[in-house]
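The structure appears below as structure tokens.
The values are calculated or read from the model by the stated rules, or taken from the named source; none is laboratory data. Predicted, not measured: the structure shown is a model, and the values here were computed from it. When we count neighbours, we look across all protein chains shown, and the Cβ atoms used for this are built from the backbone with ideal geometry, even at glycine. Quick note on the areas: whole protein, heavy atoms, side chains included, nothing else; ligands and nucleic acids left out. Shrake-Rupley method; radii C 1.70, N 1.55, O 1.52, S 1.80 Å.
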Amino acid sequence: MKKERSTAMRLATVCALSAAPGLRTPWRSRRHWPPARPAPLSAVVNYALNRTAVNGDRLALYGLSFGGYLAPRAAAHDRRIKALVANSPQRDLLGLVLDATTGGSYDDASERVRRASWSTQALIENYLLWNHGVTSLDAFLRHAANFSLEGMEEQIACPTLSLVAEGETQTALAQARRFHQALRAPKHFVTLTTADGADHHCGVSNVTHTSALAYDWIAQQLRQA
């Protein structure tokens, strides 16, 4: 976060960091995020706009990792957000999970996950179940099917930057492209590449490069606002 803060400071940007309910923050909250509820991020926006250092006409939202689902949904509902960065856009959570599995059919999702590699099973059982407040694989798969941005892209009115690392899965790359294509607002698409050392998830393998892309784009959009 130090390098990311330095990029923001260079651009005189005031940043507020927020973690979604259910994520393993230092507070280990046991609250969880319903798939179709933008209200928690609206509360973050309310907080930001009550800060004297924040210009309400120049408010941007940067969604990282699962924020690639949460931030676009918030922007679709909240016109106070003037610029959006999604890194990377997640249109279909269940599709991303199943893409990491082999065997079985899509209709038999639970069997497909049970045949996945031990690392994929461990990610789902030890991380995703906890984050989403469920205790069984079948419950998680039913829950994950509700997390979709399909059809919401047209509701996003602010300029949007879509970032995706080329080291992500083919499904993640395809979802980011479909999200970008469906947008009706001014938009820009950037692939984080191996050549730039930013091909890992969300470009975290080169945070300086990824942050510079995001914050420089935000600064440009808000100067034009």
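Quick look at the values:
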quantity	calculated
Contour excess over end-to-end distance, with Cα ends at Gln181 and Ala16 and 0.36 nm allotted per residue	56.5 nm
Separation between Cα centres of segment 43-66 and segment 124-150, rounded to whole Å	28 Å
Burial order of peptide ranges 199-207, 150-158, 50-58 (average beta-carbon count within 10 Å, highest first)	199-207, 150-158, 50-58
Highest-first arrangement of 213-220, 87-94, where packing means the average Cβ count within 10 Å	87-94, 213-220
By accessible area with a 1.4 Å probe, ligands and nucleic acids excluded, highest first: order of Ser18, Ser148	Ser18, Ser148
Within segment 160-191: backbone nitrogen closer than 14 Å to the Thr120 label point (7 Å, Cα to C-beta)	169-172
All-pairs Cα distance distribution in segment 147-225, expressed in whole percent, bin size 5 Å	3, 15, 23, 21, 20, 13, 4
Protein-only accessible surface order, largest first, of Thr160, Thr194 at 1.4 Å	Thr194, Thr160
